[in-house]
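This report concerns only the one structure given below.
The values are calculated or read from the model by the stated rules, or taken from the named source; none is laboratory data. Source: prediction; values computed, not measured. Quick reminder, even Gly has a Cβ in these numbers, built from the backbone with ideal geometry, and neighbours come from all protein chains shown. The accessibility values were calculated without ligands, DNA or RNA, using every heavy atom of the protein model including side chains. Shrake-Rupley method; radii C 1.70, N 1.55, O 1.52, S 1.80 Å.
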Amino acid sequence: MRSKSDFELLFNPLIALLLREVRRFARIWVQTLVPPVITTSLYFIIFGTLIGTRVGIIQGLTYAEYIAPGLILMAIITNSYANTVASYFSAKLQRYLEELIIAPVPASILALSFLAGGIARGLLVGLIVFLTASIFINFNILHPVLFCFVCFCTALIFSSLGLINGIYAKSFDDTSIISSFVLTPLTYLGGVFFSISMLPPLWSFIAHINPILFAVNGLRYSVYGITDFSIATIVSLLIMFCFLSVGLSYYFLHRGLNRGVF
């Protein structure tokens, strides 16, 4: 059984590293918190107002209402991912990571602190986008627990993937390749702007192996009560993706530290 001092040795570094992560992205708030407000407003003006009137009603919703949950998740995905990969790579580049490794901090606490920083930024930006979207449409969340669950799982999954990217990135270009060529296409094929039933068979099959599709449907159900999949399927897959991504990020971090590859 661990003594109080053992928990303090684990808890105090975690809180200290988490606060450092929050201060880091809060210090550059013009770059991290303001752009999502501008981007979301443009999405609602262009897609919701100008194009949305031509698209018409989808599953009983206006186009602006239909895309709103997906826009919140897009913000969470991009910001939780970007925060973790940038933070870890900067720690390597500035040799700050070596100081953390010398300190008696387990790899699990180190991984958890980076993930917590990514989750904090992703959820904060998601809240900002939610408030911005509330200016354009009337949000009435039907299932708030599911809403929070989907947002948290999404932030956790993509923080973990960002950490893996940061571990193996050797240059600034490496930190953006995955985001540009993998993350962005997955996001746009994730059902943010359309229902899966609108796609032709080939694209529908590709979309079904995209985890973002299930997260978007889960959040849309929590707000409006509509989804293309059963909630049991969505919740099960999100939990599975959480365990898989967190397990892989810890494994790669632990292996990298043991081999001196960080």
Requested in this report: Write out, first by first residue and then by second, each pair whose Cβ atoms fall under 6 Å of each other, whose residues are 6+ apart or on separate chains, and whose first residue, in the stretch 1-19, is at pLDDT 65 or above while the second is among the small types (Gly, Ala, Ser).
Outcome: LEU14/SER113; LEU17/SER113; LEU18/SER113; LEU18/ALA116
Query raised in the report: Filter the stretch 54-100 for residues that are in a helix (DSSP H, G or I) and among the β-branched types (Val, Ile, Thr); which is farthest from ILE226 (Cα to Cα)?
Result: VAL85
Requested in this report: Specify which of the listed residues (LEU186, LEU142, LEU161) is in contact with a helix residue (DSSP H, G or I) (Cβ under 8 Å, 6 or more places away or on another chain), modelled with pLDDT under 85 and either in a helix (DSSP H, G or I) or open to solvent by 70 Å² or more (accessible area, probe 1.4 Å) (or both).
Outcome: LEU186
Query raised in the report: Give me the pairs: first residue in the stretch 235-252 and more than 18 Å from VAL105 (Cβ to Cβ), second residue open to solvent by 40 Å² or more (accessible area, probe 1.4 Å) and not charged (D, E, K, R), beta-carbon distance under 7 Å, and six or more apart or on different chains, which are they?
Result: SER245/LEU161
Query raised in the report: Which condition number does ILE72 fail, the rest of (1) open to solvent by 60 Å² or more (accessible area, probe 1.4 Å); (2) touching a helix residue (DSSP H, G or I) at 6+ places or on another chain (Cβ under 9 Å); (3) β-branched (Val, Ile, Thr); (4) modelled with pLDDT of 80 or more being met?
Result: (1)
Requested in this report: Using the structure shown, decide if ILE109 is open to solvent by 10 Å² or more (accessible area, probe 1.4 Å), assigned to a helix (DSSP H, G or I), at pLDDT below 90 and within 15 Å of ALA16 (Cβ to Cβ).
Outcome: yes
Query raised in the report: Restricting the search to the stretch 21-44, which residues are part of a helix (DSSP H, G or I) and in contact (Cβ under 8 Å) with a residue 60 or more places away in the chain?
Result: GLU21, VAL22, ARG24, PHE25, THR32, PRO36, VAL37, THR40, SER41, PHE44
